[in-house]
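Notes follow the structure.
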Amino acid sequence: MKSLRIKSLFSSLILFVLVSSPTLSSATSLGINYGQLGNNLPQPTDVIPLIDSIGATKAKLYDANPQILSAFANTGIEFMVAIGNNLLSSMGDPQQALAWVKSNVQTYLPATKITGIMVGNEVLTLNNTELSNNLVPAMEGVYAALVSLGLDKSINVTTAHSLGIMESTYPPSAGAFQQDYKVYMQAILSFHVQTGSPFYINMYPFFAYTSSPSEVDLNYVLFEPNNGFVDPTTKLLYDNMLFAQIDAVYSAITLLGYKGVSICESETGWPSKGDADEVGATLDNAAKYNSNLIKMVAQNKVTPLGSSLDIYIFALFNENMKPGPTSERNFGLFEPDKMPVYSVRLTDGDTVSSSAVKRYNSLILLFFCIASIAILLRQLD
């Protein structure tokens with residue numbers, strides 16, 4: 001009888017070790033935008049260790065590239081695939097939506113871990129009535145296709161917004177959507193509530209800083225030590241712009257009467273190079289922004305209003321075919337030759353990598369195993 005009791009105790013301790021060993025949250029909540037607007041980018045199979053090296057476990061595409069999705073089979077990396085704005089009108093057709101999901105998602109399951117479909121990108125701020133009117137029907141069409149295939153419980157349907165949908169972001173408690181977008185936002189938020197999918201928005205404190213460098217504290221946008229400010233309504237302290245922007249969006253959603261919608265940052269980052277008028281676009285600032293951001297994700301930080309950090313850093317590579325100012329081609333963590341643009345650090349001494357995460361977890365697991373054995377030996381006495 002005693003041996004059975006000891007065996008039961010030992011099994012319970014092993015279970016406790018397996019489920020209780022802490023992990024760095026960066027291994028589960030950090031993502032990277034994998035853009036492909038470059039004519040010199042490495043093969044997808046060569047990209048796998050790069051994503052692994054920064055501790056990211058999620059990647060977001062701007063399409064459903066078959067070569068990438070096939071290459072990442074059995075890696076465990078979660079993928080968000082995207083449907084371009086040019087396809088929104090067709091996704092409202094149930095048959096076309098079903099065909100797209102079968103061809104671009106179901107085909108790669110379960111080997112490739114596709115967990116989300118991004119329907120359109122920054123649609124509302126394009127101020128194209130036809131696209132805006134087609135957005136929610138397209139999201140509904142794709143979701144219905146997932147339901148018919150039994151995939152709706154494992155794959156979210158969402159869309160990404162520009163911060164330009166906001167009329168006010170300061171202070172965060174006064175966050176509100178642009179009046180012209182409210183009717184669309186109500187339909188979009190209703191969809192998120194009904195399906196349980198998150199609200200994605202692109203946030204770039206860099207653009208706020210470079211447009212008004214004399215008015216915005218650089219330390220405030222880079223997550224460096226600063227005095228911050230207190231929201232006069234909530235009395236909450238904000239010491240970085242990204243948190244203030246996230247909570248402003250939360251306030252805007254609440255103002256429309258919606259609750260329980262999680263907010264995710266589908267794009268955020270800092271360029272390592274820019275034109276003469278792009279103040280702050282430097283290697284040092286980019287390293288600080290992304291290193292500090294990754295560190296906060298790893299520490300499971302939340303905003304003052306309690307929003308967790310679900311972040312996709314922009315971007316994996318410097319992409320030489322992107323149009324626009326120099327900064328647009330220099331948001332990458334890596335050069336196309338796979339060399340880091342700069343070191344992204346989780347702590348003051350360690351570069352982020354999955355191997356570091358694994359070593360950390362192994363040490364913690366070893367500690368719990370030793371403690372468990374000690375308890376078992378005491379029971380045997």
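Key figures
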| item | result |
| --- | --- |
| Relative packing of peptides 81-90, 135-144 - highest average C-beta neighbours within 10 Å first | 135-144, 81-90 |
| Kirkwood hydrodynamic radius of region 123-245, from inverse mean 1/r over distinct Cα pairs, in Å | 16.6 |
| Ser168 versus Thr115: modelled label distance in nm, points set 7 Å from Cα along the beta carbon direction | 3.6 |
| Subset of Lys153/Lys322; Lys235/Lys295; Lys235/Lys322; Lys60/Lys259; Lys60/Lys288; Lys58/Lys273 violating a 30 Å alpha-carbon distance limit | Lys153/Lys322; Lys235/Lys322 |
| Stretch gain in nm, segment Glu224-Leu256, where the contour uses 0.36 nm per residue and the Cα spacing is subtracted | 8.2 nm |
| Overall Cα dimensions of region 66-153, principal axis frame, Å, largest first | 41, 25, 20 |
| Region 61-114, accessible surface, carbon-and-sulfur percent (1.4 angstrom probe) | 50 |
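The values are calculated or read from the model by the stated rules, or taken from the named source; none is laboratory data. All figures in this text were calculated on a predicted structure; none of them were measured in a lab. Neighbour counts run over all protein chains shown; Cβ positions are idealised from the backbone, glycine included. Ligands, DNA and RNA are stripped out before the accessible areas are found, and what is left, the full protein with its side chains, is counted by its heavy atoms. Shrake-Rupley method; radii C 1.70, N 1.55, O 1.52, S 1.80 Å.
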